[in-house]
Amino acid sequence: MISKLEPVLKPKSVEDWRIQGSVTFFGLLGTLILSFMMILFLYHHSTNLRQIRERSLVYLCAKEFYLTQHHFIDKIEAINLALVSTQYLKVITLLFPGNIILTGSSTQQIQESLKKLQNVLLISYMKNLSLLKKKSCPLPLESYTTPYVLSGWGFQRNSRQQTVLRAQNWKVIMAKPQTQLLMHFQVKATWKKTVTSKTQELGLNKVQFF
């Protein structure tokens, strides 16, 4: 009867243990290096994504802020033009009292209504800024002062009862940790004042738009 020969397992030598240990060590070391490189890549990628989101937010906020300023000044100046027109109505009423239905008191009422409408626009402007702030827009404190000189709860006015601009040119900086935008505003006087804007990025490549 032939018996099966069972393989005899030889004990591993010290050299075999060294080789196996080296392979395991370098395998673990390679895994750690790859993991570390992957973590660095993900961190760099997430940082770039945060910067892109931040930059996009600042540019979007700058555009919405410009539009808010533009519409506000456009409407205020349209009412300023109407206020001047009421001054001419007063003169016509004095010159031709029998031919004009409007009286001095009625033109005064029109003026007061127009000024109240400007105050309503001021409240609406402040609400729009609050909405931009809720969108995490980095609005500076000077943006709340408005392009016009304020007096109490309304506007400071000249002899024609028109609102008074603070300046023909002004600047607003919108800043986040990685992005800063410097906005230049300029009011151009045509038949009615209009506002234009030029924006440049500080600290990075300079970009202009609007």
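Observations on the structure shown:
- Among the residues of the stretch 104-131, the ones that are under 16 Å from the mean Cα position of the chain (by Cα) and without any contact (Cβ under 8 Å) to a residue 12 or more places away in the chain come to 3 in all.
- Taking the stretch 156-170 as the range and being surrounded by 15 or more Cβ atoms within 10 Å (Cβ to Cβ) and touching a residue at least 40 places away in the same chain (Cβ under 8 Å) as the test, the residues that pass are Arg157, Gln161, Gln162, Thr163.
- Scanning the stretch 132-155 for residues that are without any contact (Cβ under 8 Å) to a residue 24 or more places away in the chain, surrounded by 12 or more Cβ atoms within 10 Å (Cβ to Cβ) and within 20 Å of Leu60 (Cα to Cα) returns Lys133, Tyr144.
- Whenever a residue of the stretch 65-79 is crowded, with 20+ Cβ neighbours inside 10 Å, its partners that are part of a helix (DSSP H, G or I) and modelled with pLDDT of 90 or more, lying with C-beta atoms within less than 7 angstrom and at least six residues away or across chains, give the pairs Phe65/Leu132; Phe72/Leu121; Phe72/Tyr125; Ile76/Gln118; Ile76/Leu121.
The values are calculated or read from the model by the stated rules, or taken from the named source; none is laboratory data. None of these values were measured; they are calculated from a predicted model. All Cβ positions, even for glycine, are placed from backbone atoms using ideal geometry, and neighbour counts span all protein chains on display.
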